[in-house]
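A.B. asks: The following block contains the structure, expressed as structure tokens.
The values are calculated or read from the model by the stated rules, or taken from the named source; none is laboratory data. A quick note: this is a predicted structure, and the numbers were derived from the prediction, not measured. Cβ sites come from the backbone with ideal geometry, for glycine too, and all protein chains shown count toward neighbours. Accessible surface areas use protein heavy atoms only, side chains included; no ligands, DNA or RNA. Shrake-Rupley method; radii C 1.70, N 1.55, O 1.52, S 1.80 Å.
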Amino acid sequence: MQPVCQPSNFSDQSALRSAPSPIGDGFVVLENLLLNFQRCDRRAFLDVYGDRTRQDPASDYLKKLHQDSLSHQRAVMSAHSVVIPTYPHRNWEAGAAATASLMEQGADRIANGVLRSVQPDGTVLVSRPKLLIKEPGRSDWGDWQYYSADIKLGKRAKSDYQVIAAYQAFVLADVQGTWPETSVLILRNQNVYEVNLFEQVPKMLDILQDCLEMLNQQAEPQVFIARNRCDLCHWFSHCYDQAKQEVHLSLLPGVTANRYSHLQTLNLTTVEALAETAPRSLEDLPGFGRHVSQKIVRQAQATLRQQAILTESGEQRLQRLWTHFEEKADAGKNAGEDGDRLRLMLDTLLPSTPIELYFDIEAAPERELIYLHGVLAIDRQTNTQQFHSLLADHPDDEQRIWDEFLDLVLNQYPTAPIFHFCPYELQTVKKLADYYGTPWELIEPLADRFVDIHERVVDFVTLPIESYALKAIARWVGFDWRDEGANGAQSIFWYDQWIETSDRAFLDTILRYNEDDCRATWRVKDWLVTFLQTHAQSLSLPPS
């Protein structure tokens, strides 16, 4: 490892700017606080000052992630002999003393140690690296020193992970009297990533200072709901209830944190104000432009009116198609009544055929496994339905269910359109074809039959919903799932439970959830056809 430079801006502990009025002597900063602050300052605040009785219980999926993380840590640690300091639970001072004793003795690898550094303002920084690894060097202990290794389940060295690694190095430097040469992340498959401390320590110090100042002021940060960050947070229900009460703009799809900050500068902080805004006045804001401005204003209008609105691009596309079929009719290429042209136009946008397939996949990403292809066949001529559940009872059955899927869609239903929600299903079919060597001449025409309902919805309609995920759209049009709380993450948990317990009830629940996903896609598709038909018919009516 190359030694890291130690410039004056972080060569000693005085690099941490002292807070103007410290939170109080002995205030303890743990790594999780700093990690959560990077992701959401409000979560960090509530973790310190919030009423813990208002936290959500951990979901089954979150528990599974925790167990998977512990298993990964054990696998990494078992590869080497380690010593573990003994100390009372959460007694960081005793833990730091026990860890320092092992470091002084020159233990090669220390697992789950505690590092503790008291800052000039009385703030106590506590770090709990998964591993402390001995290497040659100079420290207060003698001719050896340590560097920290954190063990993460992810595949990438995320920025917030690197900041925490820098925090560990910062505290370690104070404990052993010298800077470590590096700090590392041990990721999935035991890939090791060396963190550039020269870059990350100054960044970490700024984040740490901002966190301390926020906590010192005891001013609760404004609520902001960001689904990709909030869904697994134990404060989600608490924050969501507040956002609902405020009718907060973060509940509007398309209003990101950055966009919201720009809307605030224009005093556009309510749905009513945004709905009355001319989209053109937003186009020059960073991250907006014409398309986003139109979309966000229409989203506010749909929410305010509680009704579906045709998008601007949808209006234009319907008009172009109607004009196209009118011109064909005038040229004698498609002689037909308005009703015929309307049907042809709608089939161009969203085909309706005697037999249609609705397709949904269930996967376990950490196993790199596709374990279920669910296909709902709708026969509109006989008014019958059949759900095909191609399930891998065992992880080794992935190729078998892939072959069964191909037989179903190529032989039993060779021409039916395949409706799905979001690109994942088509992307996965192409990946499986490549992995199992399926001839491309079979896959290419198959791929042409895929129709993404999510894409059609967002292209043509703005709905008064908080998310354009399948559940939000389907529930708005009147569909609901049979099992409360069923979702993709829960399905992964259920499959793991099936593998561990062989309890068929877990598979039955997965199948119900998957079938409901297929039926939800069907329901949304039929609703969208009716919606488009209503708007397209107005094009054929004479002006009033």
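A.B. asks: Would you point out the residue of segment 71-98, among those that are without any contact (Cβ under 8 Å) to a residue 40 or more places away in the chain and among the β-branched types (Val, Ile, Thr), that is least open to solvent (accessible area, probe 1.4 Å)?
C.D. replies: Per the stated criteria, the residue is 83.
A.B. asks: Continuing with the same structure: Report whether or not residue 87 is under 27 Å from residue 189 (Cα atoms) and among the aromatic types (Phe, Trp, Tyr).
C.D. replies: Taking the combined requirement at face value, the residue does not satisfy it.
A.B. asks: Here is a further query. Does residue 97 fit the bill of being in contact with a Phe, Trp or Tyr (Cβ under 9 Å, 6 or more places away or on another chain), among the hydrophobic types (A, V, I, L, M, F, W, C) and assigned to a helix (DSSP H, G or I)?
C.D. replies: Yes.
A.B. asks: Sticking with this one: Within the bounds of segment 365-375, is there any residue that is open to solvent by 70 Å² or more (accessible area, probe 1.4 Å) and either modelled with pLDDT of 95 or more or part of a loop (DSSP other than H, G, I, E, B) (or both)?
C.D. replies: Yes: one or more hits.
A.B. asks: Is there a residue in segment 129-145 that is β-branched (Val, Ile, Thr), under 18 Å from residue 207 (Cα atoms) and open to solvent by less than 40 Å² (accessible area, probe 1.4 Å)?
C.D. replies: no
A.B. asks: Ok, one more. Just name the residue that is nearest to residue 162 (Cα to Cα) out of those in segment 23-62 that are in contact with a strand residue (DSSP E or B) (Cβ under 8 Å, 6 or more places away or on another chain) and either open to solvent by less than 30 Å² (accessible area, probe 1.4 Å) or not aromatic (Phe, Trp, Tyr) (or both).
C.D. replies: Residue satisfying both the conditions and the ranking: 31.
A.B. asks: So if I check each of 490, 497, which one is of a type in the set (S, T, N, Q), in contact (Cβ under 8 Å) with a residue 40 or more places away in the chain and out of contact with any Leu (no Cβ under 9 Å at 6 or more places or on another chain)?
C.D. replies: Testing whether each residue is of a type in the set (S, T, N, Q), in contact (Cβ under 8 Å) with a residue 40 or more places away in the chain and out of contact with any Leu (no Cβ under 9 Å at 6 or more places or on another chain) leaves just 490.
A.B. asks: A further question on this structure: Restricting to segment 294-319, count the residues that are farther than 13 Å from residue 462 by Cα and either touching a strand residue (DSSP E or B) at 6+ places or on another chain (Cβ under 8 Å) or open to solvent by less than 20 Å² (accessible area, probe 1.4 Å) (or both).
C.D. replies: Summing the residues that are farther than 13 Å from residue 462 by Cα and either touching a strand residue (DSSP E or B) at 6+ places or on another chain (Cβ under 8 Å) or open to solvent by less than 20 Å² (accessible area, probe 1.4 Å) (or both) in segment 294-319 gives 1.
A.B. asks: Just to be sure, is residue 117 of a type in the set (Ser, Thr, Tyr) and within 22 Å of residue 179 (Cβ to Cβ)?
C.D. replies: When the stated conditions are applied, residue 117 passes them.
A.B. asks: Another one. Can you list the helices (runs of 4 or more DSSP H) found entirely within segment 232-345 that contain at least 3 residues being under 29 Å from the mean Cα position of the chain (by Cα) and at pLDDT 90 or above?
C.D. replies: Result: 236-246, 257-265, 271-275, 289-305.
Residue by residue, here is whether (1) surrounded by fewer than 21 Cβ atoms within 10 Å (Cβ to Cβ); (2) in contact (Cβ under 8 Å) with a residue 40 or more places away in the chain holds:
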site	(1), (2)
201	no, yes
209	yes, yes
242	yes, no
285	yes, no
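A.B. asks: Please go through segment 41-68 and pick out each residue that is assigned to a helix (DSSP H, G or I) and charged (D, E, K, R).
C.D. replies: Listed by number, the residues that qualify are 41, 42, 43, 47, 52, 54, 60, 63, 64, 68.
A.B. asks: Among the residues that make up segment 69-79, is at least one of them more than 30 Å from residue 214 (Cα to Cα), in a loop (DSSP other than H, G, I, E, B) and modelled with pLDDT under 95?
C.D. replies: Yes, that holds for at least one residue.
A.B. asks: With the structure loaded, tell me whether residue 520 is closer than 30 Å to residue 367 by Cα, part of a helix (DSSP H, G or I) and open to solvent by less than 40 Å² (accessible area, probe 1.4 Å) or whether it fails that test.
C.D. replies: Answer is yes for this residue.
A.B. asks: Still on this structure: Residue pairs, Cβ under 8 Å, 6 or more apart or interchain, first in segment 118-135 and under 17 Å from residue 98 (Cα atoms), second aromatic (Phe, Trp, Tyr) and part of a strand (DSSP E or B). List them.
C.D. replies: Listed by first residue and then by second, the contacts come to 132/146; 132/147; 133/146; 133/147; 134/144; 134/146.
A.B. asks: Still on this model: Going residue by residue through segment 7-20, is there one that turns out to be at pLDDT 90 or above and basic (Lys, Arg)?
C.D. replies: Looking for residues that are at pLDDT 90 or above and basic (Lys, Arg), one finds none in segment 7-20, hence no.
A.B. asks: Additional query: For segment 465-497, which positions are of a type in the set (Val, Ile, Thr) and open to solvent by less than 20 Å² (accessible area, probe 1.4 Å)?
C.D. replies: Passing the criteria: 465, 473, 492.
A.B. asks: Let me ask something else. So which residues in segment 117-162 are among the charged types (D, E, K, R), assigned to a strand (DSSP E or B) and under 30 Å from the mean Cα position of the chain (by Cα)?
C.D. replies: 150, the sole residue that qualifies.
A.B. asks: Before we move on, is residue 532 at pLDDT below 95, open to solvent by less than 50 Å² (accessible area, probe 1.4 Å) and touching a Gly at 6+ places or on another chain (Cβ under 9 Å)?
C.D. replies: Yes: the conditions hold for residue 532.
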